[in-house]
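Only one structure is covered here, and it is reproduced in the block below.
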Amino acid sequence: MAEIFVVGSASGFPSPGRGHSSLLLSLSGQSILIDAGEPCSRSLTEAGIPFEAIDAVLLTHGHADHTGGLPMLIQSLWLSRRARPLTLFLPEELSEPLQRWLDAIYLGPNFVPFALDFVAWEREQFFETCGLRINPQKTTHLESLSQKFGNGRFKSYSLRVEHSDFRIVFSGDLGKPTDLGVQLDQPVDLLVSELAHFPPIELFQFLQKRKVGKLLLTHLEPELRGSEELILQEARTALPETAVLIANDGLTVRVV
């Protein structure tokens, strides 16, 4: 059985009672952390999830609300006496700066007793880990930064995670719902989508021509808080064949 545990569901601005973007996918005794917004380590501890259970970390992009909890996670793994390597999949632009950051705060390769393997999304078309096939696709979330600063930086990715029993898409942060076009060209059992960068109806209208079994909405912009029931009604009207939920920290969702 595969499950998603919502470690953090806030958007980029701090929200009382919510951690920043982080999800844990668990199946067959293995777990993968998707993004590491702070305070993911504390949230995992409060949920009784051992740090040793994490087999890999997937980072969709470099914004602080998706990466800010990573150093504390590494420290937590160290203090938990982890010995086996940890693989971090991430945009190539983050690899060297994150390693320098970890080294500066005494968590780099010379300090922790386990190997940190940084694997860039740009390296391959798809990746295999923990019995899963992971397909990253660039989104337009950071397009304005790319246009302003250039230099080949500012990559943001959605992730399609495939198993023999299920298919999940994690939106990461999007510029627009159509960024998910390629990822949703086949039916998916679960779509985890953010709702901070476009009106909800734009996502629901886009999904009307796609086959999505479950839709988990997360990363809601602050202005949408308090309107969850209206969002659910709108989603269920537009997508009557899709089970729709809104993420809260600590929520567990079965994939199928």
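The values are calculated or read from the model by the stated rules, or taken from the named source; none is laboratory data. Values in this document were obtained by computation on a predicted structure and should not be read as measured data. Glycine gets a Cβ as well: all are built from the backbone with ideal geometry, and neighbour counts include every protein chain shown. All accessible areas refer to the heavy atoms of the entire protein, side chains included, with ligands and DNA or RNA removed. Shrake-Rupley method; radii C 1.70, N 1.55, O 1.52, S 1.80 Å.
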- Going 7 Å from the Cα of Phe118 in the Cα-to-Cβ direction, what parts of the range 50-64 have a backbone nitrogen less than 18 Å from that spot? 56-64
- Query: So how far apart, in nm, are the two label points at Gln125 and Ser95 if each is 7 Å from Cα heading toward Cβ?
  - Reply: 2.0 nm
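Given a 1.4 Å probe, how much area per residue of the range 190-251 is accessible, in Å²?
Working: 2980 Å² over 62 residues.
Computed with neighbouring chains in place, this is 48 Å² per residue.
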- Message: Let me check against my output: what whole-number percent is the relative contact order of the chain, with C-alpha pairs under 8 Å and at least 6 apart?
- Response: 18 percent
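Please list the helices of the chain that count as membrane-span-like by this rule: a mean Kyte-Doolittle hydropathy of at least -0.5 together with Cα atoms stretching 30 Å or more along the helix axis, each helix being a complete DSSP H run.
Numbers: long enough: none.
Within the chain not a single helix satisfies the rule.
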- Note on the structure: Low-density loop GluC sites (Glu not before Pro), the range 179-255, at most 15 other Cβ within 10 Å, DSSP non-H/G/I/E/B, are Glu241
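What does the extension gain come out to for Asn248 and Ser15, with contour length at 0.36 nm per residue minus their alpha carbon separation?
Numbers: separation 233, 0.36 × 233 = 83.88 nm, distance 1.15 nm.
Difference between extended and current length: 82.7 nm.
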- Message: Nearest 500 deg cm²/dmol is fine: what mean residue ellipticity at 222 nm does the chain get from its DSSP H runs of n ≥ 4 alone, each adding -39,500 (n - 2.57), divided by its residue count?
- Response: -6500 deg cm²/dmol
- Item | Environment charge of Glu234, counting only residues whose C-beta is closer than 13 Å and scoring Lys/Arg +1, Asp/Glu -1 | -2
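Just the number, please: carbon plus sulfur as a percent of the accessible area of the range 11-66, 1.4 Å probe, no ligands or DNA/RNA counted. Please report the intermediate quantities before stating the final value.
Numbers: 1210 of 2080 Å².
Carbon with sulfur: 58 percent of the solvent-accessible area.
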- Note down the nm distance, to one decimal, between modelled labels 7 Å out along Cα→Cβ at Glu228 and at Ile201. 2.3 nm
- List the residues whose amide H sits under 5 Å from the amide H of Asp249, counting only those 5 or more places along or on another chain, with H placed 1.01 Å from N in the peptide plane. Ser9
- Residue-normalised accessible area of the range 14-81, given per residue in Å² at a 1.4 Å probe: 38 Å²
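Relative to the Cα centre, what is the charge dipole magnitude of the range 7-160, using +1 at the beta carbon of each Lys and Arg, -1 at the beta carbon of each Asp and Glu, and rounding to the nearest 20 debye? Don't skip to the end; give the middle numbers.
On the way: 13 positive and 15 negative charges, 20 e Å.
Dipole about the Cα centre, nearest 20: 100 debye.
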- Query: From the residues Ile54, Pro85, Ser26, which one has its Cα farthest along the dipole of the chain in the positive direction, the dipole being from +1 and -1 charges on Cβ of Lys/Arg and Asp/Glu about the Cα centre?
  - Reply: Pro85
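Where in the range 1-98 are there trypsin sites (Lys or Arg not before Pro) that are in a DSSP coil and have at most 14 other Cβ atoms within 10 angstrom of their Cβ?
Numbers: sites: Arg18, Arg42, Arg81, Arg82; in loops: Arg81, Arg82.
Here the sparse-neighbourhood loop sites are Arg81.
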- Scale the Cα Rg of the range 109-256 by the rule-of-thumb value 2.2 N^0.38 Å and send over the ratio, two decimals. 1.14
- For Phe149 paired with Thr237, estimate the spin-label separation in nm (one decimal), with each label point 7 Å from Cα along the Cα-to-Cβ line. 4.1 nm
- Query: What lysines could a cross-link reach from Lys209, if we take a straight Cα to Cα line under 24 Å and drop same-chain neighbours fewer than 8 places away?
  - Reply: Lys138, Lys176
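Expressed as a rounded percentage, what relative contact order does the range 118-204 have, with Cα pairs under 8 Å and six or more residues apart? It would help to have the intermediate numbers written out before the result.
Values: 134 pairs, mean separation 20.4, N = 87.
Relative contact order here is 23 percent.
From Cα pairs below 8 angstrom and at least 6 apart in sequence, can you work out the relative contact order of the range 1-100, rounded to a whole percent? Could the numbers behind the result be given before it?
Details: 185 pairs, mean separation 23.0, N = 100.
For the range 1-100, the relative contact order is 23 percent.
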- Measure out, as a whole number of angstrom, how far apart the alpha-carbon centroids of the range 108-123 and the range 183-256 sit. 34 Å
- Note on the structure: In the range 137-253 the accessible area split gives carbon plus sulfur, as whole percent at 1.4 Å, a share of 47 percent
